[in-house]
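The values are calculated or read from the model by the stated rules, or taken from the named source; none is laboratory data. Predicted model, so just to flag it, every value in this text is computed and none were measured. Virtual Cβ from ideal backbone geometry, glycine too; neighbours counted across all protein chains shown. What goes into the accessible areas is simple: the full protein's heavy atoms, side chains included, and nothing from ligands, DNA or RNA. Shrake-Rupley method; radii C 1.70, N 1.55, O 1.52, S 1.80 Å.
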Amino acid sequence: REQDAMDAALDAASQAVQLAMANHCPEVLIAELRNTRADLLRLFGRDQEALEELSATSSIEMPPALRSRFLHLKALLLKRYGAPQALEHLLESYQHDRLRGDDGGVAISLLAIARIFTEEHEYDRARERIREALPLADACGLVNVVASLALLWADIDLAEGKATSAATWL
């Protein structure tokens, strides 16, 4: 995937799932592989297939980190369809990350939640999530997340007609 060979990445992920299932590997490994395949399908724009891939693993008992990624990915996919459950899945992912002390995961979930609030024009709620996420993302060294949070704040400022403030965030 990092070499921009999405077709090859998707083929490799599909083969990995098939091999794991054929060799009766533990369910949690199959869930991890299917989660990876679903994320690749999402990046490829094949959202319905990605949701189907995730649905195949929804009943598997997963460790908290994998369950959090599963919920976050499902939320991203549902959000594209405008499904109200997207926020619920993100909040559950946030809780999983918070309970296991994964500050980076919490920051990423908060960014996604802030985006949803921004889309719903709930700017105060979005800013609260951004304020909570910024120090976590910064402490974890998640530069891209910090930048995304700053850009989102600037977008909110622009939507409210605060061009000078938006420029400082940019």
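Points to keep in mind about this one:
- Simple Cβ-charge dipole of the stretch 42-170, Lys/Arg +1 and Asp/Glu -1, about Cα centre, in debye nearest 20: 140
- C-alpha long axis of helix 85-99 to longest principal axis of the chain, angle in °: 90
- Extension reserve of the F44-L170 stretch, reckoned as 0.36 nm per residue once the Cα distance is removed: 42.5 nm
- Taking Cα atoms only, the orientation of helix 27-43 departs from the longest principal axis of the chain by about 50 degrees.
- Potential extension, E128-S55 segment - 0.36 nm per residue separation minus Cα distance: 23.1 nm
- Estimated FRET transfer efficiency (A163, V143; beta-carbon r; R0 35 Å; 0.05): 0.90
- Placing M21, M6, M62 in order of accessible area, with the largest value first and a 1.4 Å probe, yields M21, M6, M62.
- Calculated on the alpha-carbon coordinates, the convex hull of the chain measures out at 127 cubic angstrom per residue.
- Computed in the context of the full set of protein chains, the accessible area of the chain at 1.4 Å probe radius has 52% of its extent on carbon or sulfur.
- Hz values of 3J(HN,Hα) by residue in the stretch 56-63 - Karplus curve (6.51, -1.76, 1.60), Gly and Pro given as x: 5, 10, 4, 8, 6, 6, 10, x
- For the pair the stretch 94-149 and the stretch 50-66, the centres of their Cα atoms are 23 angstrom apart.
- When the residues T36, T57, T118, T168 are ordered by accessible surface, computed with a 1.4 Å probe over the protein chains alone, the sequence from largest down reads T168, T36, T118, T57.
- Averaged over its residues, the chain has an accessible area of 55 Å² per residue, based on protein heavy atoms and a 1.4 Å probe.
- Mean residue ellipticity at 222 nm, helices only, the chain: -25500 deg cm²/dmol; runs of at least 4 DSSP H residues each add -39,500 (n - 2.57), and the sum is divided by the number of residues.
- Taking the C-alpha atoms only, the angle from helix 123-139 to the longest principal axis of the chain is near 70 degrees.
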